[in-house]
Structure formats: C-alpha cells, structure tokens
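Take a look at the structure below.
The values are calculated or read from the model by the stated rules, or taken from the named source; none is laboratory data. None of the values given here were measured: they were computed from a predicted structure. Here Cβ is always computed from backbone atoms with ideal geometry, including for glycine, and neighbour counts include all displayed protein chains.
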Amino acid sequence: MKYLLIIQMNPEVWESLSEAERAEIAGGQEGFMEAITATGEMVGTHALADPSQSAVVRGRPGAVTVTDGPFLEAKEYMGGFYVVDCESRERAHELAAMIPGTDHLPVEVRPVIFTGGYGLGEPDTP
Amino acid sequence: MTADRVVEDLLRSSAPQVLGALVRRHGRFALCEDAVQEALLAAATAWPRDGVPAEPVGWLVTVAGRRLTDLQRTEHARRRREDALAARDRGDAPPVTDADPADDTLELLLLCAHPALSEPSRIALTLRAVGGLRTGEIARAFLVPEPTMAQRISRAKATIADAGFEGAGADRDERLATALHVLYVVFDEGYTATAGPSLTRVDLTAEAIRLVRRLHRLLPGDAEIAGLLALMLLTDARRDARVDPDGRMLTTAEQDRARWDHAAIAEATALLERTLATGPLGPYQLQAAIAAVHAEAATDADTDWAQIVVLYDLLEARSDNPVVTLNRAVAVGMARGPRDGLEVLDTVADDPRLRRSHRPDAVRAHLLDRLGERAAAREHYLRAARAALNQAEKRYLEERASRTSPPPGELG
C-alpha cells in the first residue's frame, strides 16, 4: 500500500529554530531518502514552494478567475511530501518518524488510493 | 496464441524447475536466481529466432549454470578472502533432464516465505523466482517505479542470499501457510485493482491461480491448497460480472449470473467436494465453500443463507479475524433478518482492529437500509464511503447513500 507522508510546515516554528537545527533537518532528508531507497520503499518525493507563490484558480475554461496567494491562510501548510510503498500502516508511521525534524514539524500519514503517471504502468521498453 | 506467447509461457513455467535445479546443486539462492534470470532473458531472445530446443529445461539449466560460474568468478574476485562462503558444488545432485524434471516450486515458495522478509518482499521475490516474471513486470503490476522494485528484490535476496532448500525445516508448516497467504494477496491485488484490465500489466489473478494450481498438482492431498485453488477459481469466476459497462461496482445480488464463468465454478465445486470429504477442514476451504454456496444459487433469492451462516460459524471458530464476524453479521442479516444481523455486528463493531476500516459502517448501513431506517443508513453509507480505500467501492457506497436520501418532501 502506498502512503503520502506530508511534512507540515509551520513558518513560526521553522523561524524559531537555530541555523544548525534547520541545516540538520534540511540536510537530513538526504539520509532519509537513501534509507527508504535501500529498503525498496521509496516511490518519490517533492518539496513545495512557499504558499506566497500559490495561485488559486476557479471557474470553467473561458470563465476563470485567478487569485494570488493560498486558498486559505493557515498556520501550517504542506511543505513537501514523500510517497512510500510499504507493508502496513504501522510501517508507514515508522517511516514518517524517521523523517528528520518531526519533533518540530509534524508529518501527516495518509493512504494513497489511486496512482498514475510517472511512467508507472507503461509498456516494457525492451 | 502467438509464438512469442508460447515461448513466454514455457519460460515462465520452466523458471522454478531451472532455479530449483541450480539451488539443489549449488545452494546460494541469490546468485542462482540472478543466473536463472539471465538464462531466461537469453532464451527469450534466442528461442523465437532459432526455435525452442528439444529439451528446454535442460537448455536453461546449462546456460544458467554457465552464468552462475561467471557470477561466482566475479564474486570470488571481489571477496577472495571469504572462501568459506564459496558455493558448494554438490556433485551428487542428479542431472536435470526434460523427461522428468524435478519441480521445486514448493521448495522455492517456502524459501520466498522466509520469516526474515517483509510481506512486500515475499510477494516480489515469489513472483520473480517462482513466477518467472521480470522485475519491470512486477513493478508495473504493483504500480511502483522499477528501481524501487529492483531494490526491494535485491534486498530480499541479500537477506536470504546463502539460503538453500535445507532452511525450511522445523517451521515448514508455518512457511507453507505464509506462502499460501502470499499467493492469496497476489490474487487479491489483481482482483481489486482499480485500474481495470490493462494489456501492459501482468494479470496477477491469473498468475496466482497458475501458481496455486501447480502447487496443488505437487501436493494434491493438501486440503488447504485445494481449498485456496477452489476459492480463487470461484472468486475469479465472478470477475467479468462485477462491474457494469460504466465501471460501476455491482454486488453479488445485482450481478448477471449468466456472465459468471460456469466452467470454472464447476471445476472448483468438484475440487471442493472431493477435498471437504477428506479434510482436515481449514479456513481456505471454508471460504471456498461459502463462495460455492453463492455460486450454486440460480438467483440471488435462492441463496442458501442459513448454510452460509453455518460456514461462517465454523470459520469464526478457526480464526481470530473480526472481518469474519462482520461477514457473519451480513449472512445472519440475510438468513434471520436485519435486527439479528445488527446484534452480531454490535459484538465486533468496537474491535480496535476495525477502527479505521470502512466495513463496519458499510455493513451497518446495509442492515439499517433493509430495516427501512433510511436516514441512519445514509449516514453510515457516507461514513463508510469516506473511509474506503478502494475507489470503486467508495463510488458504490456514495451511490447507495444518495439512493437512501429521503425524498425532498420528507425533509424536516
């Protein structure tokens, strides 16, 4: 089963951390990626830009409004995520706990119920 | 069937014999498995071009044996000091001929059910080592990137790298149960895949049936293997009738029974009758028996629910799985009425193992619906829909919820 491990970014918390703590969290992602790649559980990962870079699009083609900024102002937002494929929900929790920085920035674990794209399910290239 | 398909099937069915022959002779499962994959690849290129050799298994064993020697040389060069681990060449192992090739499917399945492996690793390794599938095919079947699957397989192989067949001794029964569970999960993955039939994905359902069938041929006296085969055949027989032309999920009651595969049902029921007569009774046989009662009913109204309740009672006594009780609640609801069904449901609804499951709400909704308590039914259908982890099922539950919506006039 695949799970999305969502890193909940909280700018207030992030800014309160020391330079060294921030470097440890950012740099530690590399080690986490290596660990879950080695076990064959890594599917993919993305880090997201700050919500100040977001735009919200509403309407239908031809009648669209685009608003700058996030959909909702929130204290916490999705900072980035990992997609893992692992044995159980418990294992997904274990993996989430391995992400550096969970003591400051909590990680939400949510099951994935559909996957497409990324070249998955495409014919064998001989 | 195209010539390529014939070669492909022959290669896949030969894979466990070839790997078995190598492991018997040399031990060293991981290295042998690499050698066999390379031999299969060589054959996939050579056979369609030059024709299938007179003794295909012998051909593959010879080529794989040569590859193994090469791999060992490379490995020796790399870890010269680890001579103690050098392959054991058992000169006394009998030569492999196509006339009577030993079938090591069982031994390989037990090896892939090694207790040190996680379930996803067992599944991947089983499909590769016993099913003869390529890593890319397994990756696509489970919708993960090929490097992820390659890494999973190579780690699994490293975990049991130097295992031979002598490993599964004391825990043989337990390992066989694990191996059957692995095959069941492979079947289920294929059966519940939301992505529909696809030419680019291996049919995991057919693959699981193929392997269980083979295992059944090797151990015809094992009642649970026969039970699992019957269960898979009976479930798979309903496959085409499960969804309507729009891809909407249909319950057993709504399915067009003419679209069930009656040949498969006949084969499975005959097998099951023979098996139940000789026993010992086990969970797969009981689940198959339940599926057979459904399959035997000419219409949904003819279903012998009382018989199904008896079978669930037997199954419940043999397992510690709250899902069995949920299913029994449904059966009791049909046999004796929804109020009795709700009583059974209440005994299990708070089981912590079902905390995140959508099933208790789905069952409750269904029973309330039959009682005519539409508002409560709707609420539980919606709750179940929110928690469901399968898109087709989610859609089905949402639809049931909207069907139980009170007509506008009845609203407060």
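Quick one: count up the residues across segment B:22-33 that are within 14 Å of B:Val63 (Cβ to Cβ) and touching a residue at least 40 places away in the same chain (Cβ under 8 Å).
Residues meeting the conditions: 1.
Of all residue pairs spaced 6 or more apart or on separate chains, those with beta-carbon atoms under 6 Å, a first member in segment B:38-64 that is assigned by TED's automatic domain parsing to the domain that holds B:Thr2 and a second member that is among the acidic types (Asp, Glu) are B:Pro48/B:Asp4; B:Glu55/B:Asp98; B:Val57/B:Asp98; B:Gly58/B:Asp98. Only a single item in (1) more than 29 Å from B:Val185 (Cβ to Cβ); (2) part of a loop (DSSP other than H, G, I, E, B) is not met by A:Glu12, and it is number (2). A single member of B:Arg155, B:Arg201 is in a loop (DSSP other than H, G, I, E, B), at pLDDT below 95 and over 23 Å from B:Leu271 (Cα atoms), and it is B:Arg201.
Of all residues in segment B:309-332 being of a type in the set (Ser, Thr, Tyr) and at pLDDT 95 or above, which is surrounded by the most Cβ atoms within 10 Å (Cβ to Cβ)? In this case the residue turns out to be B:Tyr312.
Of everything in segment A:71-126 that is closer than 24 Å to A:Asn10 by Cβ and among the charged types (D, E, K, R), the residue that is modelled with the lowest pLDDT is A:Glu73. Report, by residue number, each residue of segment B:131-159 that is more than 8 Å from chain A (Cβ to nearest Cβ) and of a type in the set (D, E, K, R). Passing the criteria: B:Glu146, B:Lys157.
Contact map, segment A:77-90: residues that are facing chain B (nearest Cβ under 8 Å) paired with residues that are aliphatic (A, V, I, L, M) and assigned to a strand (DSSP E or B), Cβ distance under 7 Å, separation 6+ or inter-chain. Pairs shown: A:Asp85/A:Val43.
Candidates in segment B:246-283 are the residues that are of a type in the set (Lys, Arg) and over 22 Å from B:Arg210 (Cβ atoms); of these, the one that is modelled with the lowest pLDDT is B:Arg248.
Looking only at segment B:356-363, decide whether some residue is without any contact (Cβ under 8 Å) to a residue 12 or more places away in the chain and in a helix (DSSP H, G or I). Looking through segment B:356-363, none of the residues is without any contact (Cβ under 8 Å) to a residue 12 or more places away in the chain and in a helix (DSSP H, G or I).
For segment B:324-336, indicate whether the set of residues that are among the charged types (D, E, K, R), under 29 Å from the mean Cα position of the chain (by Cα) and part of a helix (DSSP H, G or I) is non-empty. Yes, some residue in segment B:324-336 is among the charged types (D, E, K, R), under 29 Å from the mean Cα position of the chain (by Cα) and part of a helix (DSSP H, G or I). A residue that is surrounded by fewer than 19 Cβ atoms within 10 Å (Cβ to Cβ), more than 14 Å from chain A (Cβ to nearest Cβ) and either under 27 Å from the mean Cα position of the chain (by Cα) or of a type in the set (Gly, Ala, Ser) (or both) occurs nowhere in segment B:380-398. Kindly evaluate B:Ala335 against the criterion of being surrounded by fewer than 22 Cβ atoms within 10 Å (Cβ to Cβ) and out of contact with any helix residue (DSSP H, G or I) (no Cβ under 9 Å at 6 or more places or on another chain). Criteria not met by B:Ala335.
The residue pairs whose first member lies in segment B:170-182 and is buried (at least 20 other Cβ atoms within 10 Å of the Cβ), whose second member is at pLDDT below 90, and whose beta carbons are closer than 7 Å, counting only pairs six or more residues apart or on different chains, are B:Arg175/B:Ala168.
Please state which one of A:Leu95, A:Leu105, A:Leu48, A:Leu4 is within 14 Å of the chain's Cα centre (by Cα), within 14 Å of chain B (Cβ to nearest Cβ) and more than 26 Å from B:Ala392 (Cβ to Cβ).
The unique qualifying residue is A:Leu95.
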